Structure formats: C-alpha cells, structure tokens
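First comes the structure, then the notes that go with it.
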Amino acid sequence: MALLEIDDLHLAMRSFEGEAHVLAGVNLTIERGEIWGLVGETGCGKSLTGLSVSRLVPSPPGRYLKGAIRFDGQDLLGCDETAMRRLRGRRIGMIFQDPTTNLNPAFRIVDQMVDVALHAASTDPSVLGLPAGAGRGERRAAARRHAQAMLERVGIRDAAQRLDDYPHQFSGGMRQRVLIAMALIGRPDLLIADEPTTALDVSVQAQILRLLYGLVQEDGLTVLMITHNLGVVAQLCSHVAVMYAGTVVEAGPVRDVFKAPGHPYTRALLAAVPSAATPRGALRGLAGVVPNLLHPPAGCRFASRCAAVMPTCFAAPPPAVPVGEGRTVACLLAQPAEA
Amino acid sequence: MLEIRGLSKHYPGRRGSKGVDALKDVSLSITKRESFGLVGESGSGKTTLTRCVLGLEPPTAGSIIFDGVDLASLSPAAMRAMRARIQIVFQDPYASLNPRMTAHDIVAEPMIVHRDTLRLDRRQRSDRVVELLDLVGLGEQHLHRFPHEFSGGQRQRIGIARALSVNPELLVLDEPTSALDVSVQAQVLNLLHALQERLHLTYLFISHDLGVIRYVCDRVALIYRGEIVEQGPAGDIFDRPGSDYGRMLIAAMPEPDPDRSPFRTPA
C-alpha cells in the first residue's frame, strides 16, 4: 500500500470576490522511501497540497469539494481534529520555509522540543522508549534525552549544551536543523518540507539537502518536498510532480521528467532555468499570466499560455495519461504508453 | 568605468567590543558596458559594497573612482549630480515601490529629484515615463495604476524603468530576480540583457544565485566575509574555480540536471 495517496483532490477557498477553485483534481501517490518534489510557481497550490495532507487548511475559508487523501490507508479528510493531532508531529512531520519565525524566540530550544516529544509520547509512549505508566519526571527526562539525540542526528555539535540556548543563538541553517530535529522527534513516516532551504545560502542549502537525503537512506523516511527550485528537485528528489494553477500537469521519476518533459508547462519551466549551456539571451520566459481561479477556464488551465495549444484544449480539462513507468502527463498531446 | 581600490568598511561595535569589518581591502574594476557579477552569501559584505558605491555609506579606507572621479572628493551637490549616473534596482519589488504612488509618479520621481541635471518640465517628464514604460514592456494603460495592481515581474519592470529614468551609465542590480518565479525571472533577465545592448549600460549584478550570475555576467568576483577571494572571467570561475571557497560554492550550486546530483550515480 502506498504511504500517501492523494486522489482527485478539489479544494475551494472563499474570498471576498467569490470562491476560488484552488486545487482542481490533484493526484499523487507516494510510496515509502521515495523523495517527492512538488514544484510549481507562486500560487499553483503546492503549499495548499502539503497543508491539506496535514489538514492545516483552515475551514472556512477552505472547503474540500471532492477527492480523498489516504495516509497509510487512513482517510485523512474524514478525520476529526483529535485524530489529526495524533498524526501530526508523530507520523507526519512538517518543516516550513522560514526557520526564524517557526521557533518561539522566548523559549529555550529544549522546552520547545520537549513539548513536541511529550505530545508525540502522549499518543505513542514508545517514541520515548518508556512504558505506558511512566511518571512525569521520568517522561521529561526521557524527552530531553530524545531531543538531544535528535539534535545530534541532524548534525548539531555540543547538542547537550545547545539544548539550553535560545533560537537567536543559532544561525539560519542551524535553526532549520533544529526544526528538522523537531519534526523527527515523533519518528515520522512522512516528512512534509515546504521550501525548507529557500531562506538559506547555497552552501547551507547543500548541507540541509545532504541531511535530508541521509535521513531517507538511513532512517527510512519518506519526504514530500515542496519547492520552486528545480535545481533542488534535480539533486535531491527521486520523483517529481509539477503543478500549475491547482492541477498536477506531470508526475514521475525525476530523471525521466527532467530529461524528457512531456507537458508543455514542464518544458517551459525547465527552459526558464539558466544552465551551464544556456547562451546569454537564449533563456525563454513564459508569456501571459496564470488564469483567474475565481473563474477558472473550462478546459486545460495552461491552454492560454501554451505553445502547442489546439482548439480542443479549451473544451474540458485533459485527463492524466500514463505515459511510462510510474509517469503521467495531463495533456491531450501526450502519447499513452502501450499497455 | 568603476574602480574600487583597497576599500574597507568598519562598523564600530558598542564600547568594549571590536565591531565588524564588513569590507576588507576590496579592489575591483568594472569596464564600460560589461556585466560584472558580485557573488556572496548572506553577511559577506555585498550590500555594504553597493551602499558604498552608491555613496550611501562612507568607506573607512580606500577609494571608489567612477569615470575618473574619486567619489570621496565630491561636494554633496556634485555627489547628487553623480548619483544620476549610478542607479540601483532593488531586490524586493514589493517593498521598493511606494504603495501610494502610481506607476507614473514612481518612474517620474527621480527626474524631479535630478531636475537640475535633466531640466525636464512636467510634460516632458510624462512623455518620458510613457517611453520608459514602453521600453520595459509596459503600456500606457498601466500609467495610473498603483503597485498592488501589478504582478511581481511587472513591479520589477517599474523598478527598472525608474532606475533608467535619469539616463544612468552604471546600474547596480541588487538581486533583481530573487523574489520572482523562474518563468518571470527569465523574462526580466532577457529584458535586462536587451536594455544593456540598447542603452550601452554597465551592470554591477549582485546575486547569490550562481546560475543567474553565470547566465548574465562577463566577469565575476566572489566575496566572502568582506574579502574578494577570487575574480575573473565568468567561464573560468565556473569551470575552474581557483579558491577553496569558489570550489565549495560551485559544488553547492544545485544544477537542474538529475545526472549531476551528488546523491545519485548517472544512469
């Protein structure tokens, strides 16, 4: 069974001007041990997809119109808040873009980490390696030991001393490590990382990517990495899903997609990133603007900017066609693989 | 065109502390009509260097010579006139445009500031705004709109038009595309390239995005902790970095090619 299955997810968001159809049929299947990159430009719904998995989209204004999210077989859209709290911080870990605003500046790292550890242990005492009836003091001590072990795991030196530091005593990269350590406390199966390296320098970014890769290889973690950086996806991810205006236009193993993109939007996106071989002036941007999701077009959402557009594109949204091993392209021009 | 010699900048700390040497003996020279890339990570001194070049910060030691004139020797009035020749495009197009001014007023403002040099009346300024907006790919219908009515890429175009309004020779581009999506970044980079050809501009391009620097720059300097560790033609630095820092930085650069990942072996 897949660890995470998002099946035809539709999400609408209420705004002053009306209801925007922000996710329009997102499909994604993630197996254990895979590192998925979810890429796309601002406003394409990649973060909302990540937040939907951890059920952090506030409702209202959010409203799920259709579809399902199954985590290890369990239907998340049917879960109530109590059930979700048991999953978050425990089986589903999350890290976000800005390591500065996600730590409370008024508390020592240790207090913030122990809180998370005790929360995780309240649903599953084995997280701290304690029997069910352990006392309060015993649990706190174990939580501190566990927090220290996690800091060491993410490569923070002198973890025992650094535990008692405040967030401002850490650099940006170190703070992101603290947040990763915090997300790992509940020994999650799935880590959702929303732009975890965007605020960091390239050299620090490289260290964080190495750390995430190590966690997947050694601890059997599964990662859903949300990013707009195609370079990061190419380096780290085993699979990639490309989103545009609330739909997944292409998904599959990262090498297949990057070497032979099947969707015109994927091609446009890759052509916009300067590589070593791009002569000056040869970079291709993408003309036009993203459709207004308050009044989304009836057909393909990319049609108005597509270089290969045909009259039939405006009729109905193109279905995702399987085009190869574990690979889909949502385009009328895609050639289905021979079964 | 621009010659920086032995530039140092020291920020004093509180009493008893040593303060910070933001720039240490930085020397570089930028030739007319080239794109010079300055690459460094946060805290390396990129911003301090640009602030010194723009005359916003007096250097502790060293000199900045623009077109044969030492900026430190200029009177405040002469410096003001000089500033028309050196303009900047800022990183964040959301923060660098006044939300209460229209596109027209934003682009016209530098011409009012520099009215002594440019000598344009109100009508001439407005005509020039239309001309400038057209140059950066915006139309007359955009004239009287406010910043919030524009997308990030369009705002950056307004920022570029504003910088160009006083006919500068040197344009300092401080991370002009880092707040933009890649498809928009590509358009802005191409616009900058076309403008450089057309208006014979010299660019000082500051970025931490090595891919962008490699794409737009002729020569590159790497700055680390206030010191220039390496400078030379862009091709040389990217293909054969000569310093440890350069090698580390180039190796850390995420190439959009799955076969060049350090974690994978090519198929």
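The values are calculated or read from the model by the stated rules, or taken from the named source; none is laboratory data. Quick caveat, the model's predicted, so the values are computed rather than measured. We place every Cβ from the backbone using ideal geometry, glycine too, and count neighbours over all the protein chains shown.
Would you please name the residue that is surrounded by the fewest Cβ atoms within 10 Å (Cβ to Cβ), looking only at residues in region B:188-223 that are in contact (Cβ under 8 Å) with a residue 40 or more places away in the chain and of a type in the set (S, T, N, Q)? This residue is B:Gln196.
Residues in region B:224-267 that are more than 11 Å from chain A (Cβ to nearest Cβ), under 19 Å from B:Gly43 (Cβ atoms) and in contact (Cβ under 8 Å) with a residue 12 or more places away in the chain: B:Arg225, B:Gly226, B:Glu227, B:Ile228, B:Val229, B:Glu230, B:Ser243, B:Gly246. Which pairs have Cβ atoms under 6 Å, sit 6 or more apart or on different chains, and link a residue in region A:251-274 that is farther than 13 Å from A:Val39 by Cα to one that is hydrophobic (A, V, I, L, M, F, W, C) and part of a strand (DSSP E or B)? Partner pairs satisfying both residue conditions: A:Gly262/A:Val323; A:Gly262/A:Val329; A:His263/A:Val249; A:His263/A:Val329. Residue pairs whose Cβ atoms lie under 7 Å apart, sitting 6 or more positions apart in sequence or on different chains, and linking a residue in region A:162-183 that is acidic (Asp, Glu) to a partner that is outside any helix (DSSP H, G or I), are A:Asp164/A:Arg108; A:Asp165/A:Arg108. Of the strands (runs of 3 or more DSSP E) lying entirely inside region B:1-107, the ones with 3 or more residues being of a type in the set (Gly, Ala, Ser) are found at B:20-30, B:61-66.
Mind checking whether some residue in region A:165-177 is touching a strand residue (DSSP E or B) at 6+ places or on another chain (Cβ under 8 Å) and either part of a helix (DSSP H, G or I) or buried (at least 18 other Cβ atoms within 10 Å of the Cβ) (or both)?
Looking through region A:165-177, at least one residue is touching a strand residue (DSSP E or B) at 6+ places or on another chain (Cβ under 8 Å) and either part of a helix (DSSP H, G or I) or buried (at least 18 other Cβ atoms within 10 Å of the Cβ) (or both).
Of all the criteria given as (1) surrounded by fewer than 21 Cβ atoms within 10 Å (Cβ to Cβ); (2) over 23 Å from A:Leu212 (Cβ atoms), the one not satisfied by A:Thr100 is (2).
If the condition is being within 14 Å of another protein chain (Cβ to nearest Cβ), in contact with a Phe, Trp or Tyr (Cβ under 9 Å, 6 or more places away or on another chain) and within 15 Å of A:Pro261 (Cβ to Cβ), then region A:276-334 contributes A:Leu286, A:Phe302, A:Cys306. If you filter region B:229-249 down to residues that are surrounded by 17 or more Cβ atoms within 10 Å (Cβ to Cβ) and touching a Ser or Thr at 6+ places or on another chain (Cβ under 7 Å), you find that the one that is farthest from A:Pro274 (Cα to Cα) is B:Val229. Annotation: of all residues in region A:198-237 being at the interface with chain B (Cβ under 9 Å from one of its Cβ atoms) and in a loop (DSSP other than H, G, I, E, B), the one that is surrounded by the most Cβ atoms within 10 Å (Cβ to Cβ) is A:Cys237. Taking the criterion of being within 11 Å of another protein chain (Cβ to nearest Cβ) and modelled with pLDDT of 90 or more, the residues of region B:189-209 that qualify are B:Leu189, B:Asn190, B:Leu191, B:Leu192, B:His193, B:Ala194, B:Gln196, B:Glu197. Only one entry in B:Ala161, B:Ala108 is under 29 Å from B:Phe66 (Cα atoms), of a type outside the set (Val, Ile, Thr) and touching a Leu at 6+ places or on another chain (Cβ under 8 Å), namely B:Ala161.
Only one of the listed residues (A:Gly281, A:Gly285) is buried (at least 19 other Cβ atoms within 10 Å of the Cβ), of a type outside the set (Val, Ile, Thr) and assigned to a loop (DSSP other than H, G, I, E, B). That residue is A:Gly285. For region A:15-60, name all the residues that are closer than 25 Å to A:Val289 by Cα, exposed (fewer than 15 other Cβ atoms within 10 Å of the Cβ) and touching a strand residue (DSSP E or B) at 6+ places or on another chain (Cβ under 7 Å). Result: A:Glu19, single match.
Close contacts from region A:111-133, counting a first residue that is touching a residue at least 60 places away in the same chain (Cβ under 8 Å) and a second that is aliphatic (A, V, I, L, M) and not in a helix (DSSP H, G or I), with Cβ to Cβ under 6 Å and a gap of 6+ residues or different chains, come to A:Val116/A:Ile185; A:Ala117/A:Ile185; A:Ala120/A:Ile185. Within region B:221-236, the set of residues being within 30 Å of A:Thr266 (Cα to Cα) and of a type in the set (A, V, I, L, M, F, W, C) comprises just one member, B:Ala234. Taken together, B:Arg214, B:Arg155, B:Arg198, B:Arg219 contain a single residue that is touching a Pro at 6+ places or on another chain (Cβ under 6 Å), under 30 Å from B:Glu3 (Cβ atoms) and charged (D, E, K, R), which is B:Arg219. Scanning region A:223-247 for residues that are within 16 Å of A:Ile30 (Cα to Cα) and in contact with a Ser or Thr (Cβ under 8 Å, 6 or more places away or on another chain) yields a total of 5. Anything in region A:259-275 that is assigned to a loop (DSSP other than H, G, I, E, B) and within 12 Å of another protein chain (Cβ to nearest Cβ)? List them, or say none. If the condition is that a residue be assigned to a loop (DSSP other than H, G, I, E, B) and within 12 Å of another protein chain (Cβ to nearest Cβ), then A:Ala260, A:Pro261, A:Ala272, A:Val273, A:Pro274, A:Ser275 are the ones that fit.
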